[in-house]
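The values are calculated or read from the model by the stated rules, or taken from the named source; none is laboratory data. Just so it is clear, the model here is predicted, and its values are computed rather than measured. Cβ placement follows ideal geometry from the backbone for every residue including glycine, while neighbour counts extend to all protein chains displayed.
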């Protein structure tokens with residue numbers, strides 16, 4: 001149903017209904033306001049949205065637009081679902097969840113520190129093996145583990161060496 005307003009006073013009036021809906025859905029401020037209301041657990045209503053929206057000033061700007069109205073309804077349903085879940089959790093369950101979250105944060109921090117330690121120790125080991133001339137054996141060992149080798153390369157754990165050919169008729173380099 002593409003209807004075009006015949007009003008010549010406003011450019012917005014000459015838009016088709018499809019264009020109006022697309023423009024309403026492309027409004028990042030509307031989605032930002034809805035997300036903020038959801039995060040703060042404020043009642044999501046057309047009036048609440050227009051209070052926080054920088055350009056929309058009337059609730060009917062939302063309720064008369066099918067796209068905006070549908071978006072508002074979607075966020076109201078999400079809020080109702082969040083509130084249902086909050087009511088299901090007893091006070092004790094909330095405390096247990098908070099304690100479990102704190103434990104998980106501590107575990108994540110511990111694991112991140114272990115990964116840093118392992119990465120730096122492996123880097124040092126790989127450098128030592130390379131300096132002692134055993135890098136080719138190490139590389140042959142990891143040849144079958146290409147995924148592990150790619151991860152080590154991404155971590156910067158493998159040394160990058162540029163090989164320059166010696167000019168012809170030059171003496172071999174002296175061993176230190």
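Would you be able to tell me the number of residues in segment 2-21 that are modelled with pLDDT of 60 or more and in contact with a helix residue (DSSP H, G or I) (Cβ under 9 Å, 6 or more places away or on another chain)?
0
Just one of 84, 107 is part of a helix (DSSP H, G or I) and either closer than 28 Å to residue 43 by Cβ or assigned by TED's automatic domain parsing to the domain that holds residue 50 (or both); which is it?
Only one candidate qualifies: 84.
From the list 48, 24, exactly one residue is modelled with pLDDT of 90 or more and in the same structural domain as residue 74 (by TED's automatic domain parsing). Which is it?
Numbers: 24 fails: modelled with pLDDT of 90 or more.
Exactly one of 48, 24 is modelled with pLDDT of 90 or more and in the same structural domain as residue 74 (by TED's automatic domain parsing), namely 48.
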